[in-house]
Amino acid sequence: MKLGIIGLPQSGKTTIFNAITRGNAPTTASAGRIEVHQAVVDVPDPRVDLLSKMFNPRKTIYSKVTYADIAGLDSGSAKSGISGQLLNVINQMDALILVVRAFDNDNVAHPNGSINPLRDVDTMTSELLLNDLIAVERKLERLVDERKKGGTDKTLNARQTELFEKLHAALSDSKPLRDLEYTPEEEKELSSFGLLTRKRLLTVFNLGEGQSAPDANLDHPSVALMGKLEMEIAQLSAEDAAVFMEEYGIKELSLNRMINVSYELLSEQTFFTVGEDEVRAWTTHRGATAQEAAGEIHTDLSRGFVRAEVVAYEDLTSLGSMNEAKAKGKFRLEGKEYIVKDGDIMHVRSSL
């Protein structure tokens, strides 16, 4: 799971990045350089901790999330063209986190001259829409040229034209493409066509110390964080961090909150594999079948899938052992079409 952090210059993107990754990336950008900082973060999960205590494995492995702090996008980037290098990085992300400045700092000028978070949300979402609109219009122009020249697959051309006209209509009406419904064929068609508004979006209002979140009614999820304060806390020892959190009334650090919201954003869930060698958390999408989840572990397990041995986390931990779960009838054999649930503990049997 990869999430890209974007925003206007001086919005505090890198501060938020450091807060949620416990990193120390420089918060002052180098002029003229396209900078991308990446960090892989363990997903905190008390269920993994308890399973590890139960099985005492040689290795305990948490699920991972990758965050990328992407160079600031100026207002007007879409018209002038987001650089190919930057666009390539953004296209690799599964979702985008838009950091919007709400804090005041006389020493850090806002690129638009004043602090107005809702204006900045509108500015950045409009940039993403415009970028996609330009890309879709270029694709439609190429499809027209292909028809004129002949020699192209007429059925494919007609299907693509219908699809991209649907995208064009939505974008022209200022609707992000993530709000549209797609057939499996359309999903496949668009998988290699970088469209930014197809990605799920989360807005983070970067607050000053003691500041309240702006009253926002957005068409996508949002959270509010005191970025600078939480970055400082994230870089303290656990003991000192606990003192600061109590002093400022922070019940949970950004890392935990952002990961939870990220899972919700992408409709992801966690299942586990356990044993003496390894206790491990895996991520798969909600609604995944047992065979699809097996593919997250290894493609051979999916291709040779025979059955999955499944027990719910709550059942195993309340009963205390796998043997007791079997004795109480909580241990099940499931086929490839079984829909995996969050917290399932699975052992996959495969013919390969």
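Distance between the pseudo-spin-label points of residue 185 and residue 257 (7 Å out from Cα toward the beta carbon): 4.5 nm. Annotation: extensible slack from residue 66 through residue 115 equals 14.7 nm (criterion: 0.36 nm per residue apart, minus Cα-Cα distance). Label the stretch 193-291 by shape, choosing from rounded, prolate and oblate, from the square roots a ≥ b ≥ c of the eigenvalues of the Cα gyration tensor; if a/c is under 1.5 it is rounded, and otherwise prolate applies when a/b is larger than b/c, oblate when it is not. Note, shape of the stretch 193-291 comes out oblate. On a 21 Å Cα-Cα criterion, which of the cross-link pairs 139/188; 175/228; 2/59 come out too long? Beyond 21 Å between Cα atoms: 175/228; 2/59.
Simple rule: put +1 on each Lys or Arg Cβ and -1 on each Asp or Glu Cβ in the stretch 193-328, find the dipole, and look at 313, 243, 221; the Cα lying farthest toward the positive end is 221.
For the stretch 148-251, what Kirkwood radius comes out of the mean inverse Cα-Cα distance, in Å? Evaluated on the stretch 148-251, it is 18.0 Å. Considering only the Cα atoms of the chain, their convex hull presents on average a projected area of 22.2 nm².
Working from label points 7 Å from Cα in the Cα-to-Cβ sense, the residue 22 to residue 122 distance is 4.1 nm. Rg ratio for the stretch 111-183: its Cα radius of gyration over 2.2 N^0.38 Å, N being its residue count, equals 1.45. Peptides 305-313, 177-185, 2-10 ranked from most to least packed, by the mean per-residue count of other Cβ atoms within 10 Å: 2-10, 305-313, 177-185. Annotation: extensible slack from residue 211 through residue 232 equals 5.9 nm (criterion: 0.36 nm per residue apart, minus Cα-Cα distance). For the stretch 241-352, what mean projected area does the convex hull of the alpha carbons give, in nm²? If you wrap the Cα atoms of the stretch 241-352 in a convex hull and average its projections, you get 9.1 nm².
Taking the centroid of alpha carbons for each part, the stretch 163-225 and the stretch 248-317 are 25 Å apart. With the highest mean first, a sort of the peptides 290-300, 197-207, 231-241 on other beta-carbon atoms found within 10 angstrom per residue produces 197-207, 290-300, 231-241. In this calculation the C-beta distance from residue 239 to residue 39 is compared with R0 = 25 Å, giving a FRET efficiency of 0.60.
The ellipsoid equivalent to the alpha-carbon distribution of the stretch 256-302 has semi-axes of 21, 15, 7 angstrom, derived from the gyration tensor eigenvalues as √(5λ) and listed largest first.
Estimated from helices alone, the mean residue ellipticity of the chain at 222 nm is -12500 deg cm²/dmol (sum of -39500 (n - 2.57) over DSSP H runs with n ≥ 4, per residue). Here residue 333 and residue 49 are evaluated by their C-beta separation; at R0 = 41 Å the FRET efficiency comes out at 0.90. Using a simple spin-label model with pseudo-atoms 7 Å out from Cα toward Cβ, residue 299 and residue 106 lie 6.0 nm apart.
Its Cα gyration tensor gives the stretch 287-350 an equivalent ellipsoid. The semi-axes, each the square root of 5 times an eigenvalue, are 22, 11, 9 Å from largest down.
Values in this text are rule-based calculations from the coordinates and carry no lab data. Computed from a predicted structure; not experimentally measured. All Cβ positions, glycine included, derive from the backbone under ideal geometry; neighbour counts span all protein chains shown.
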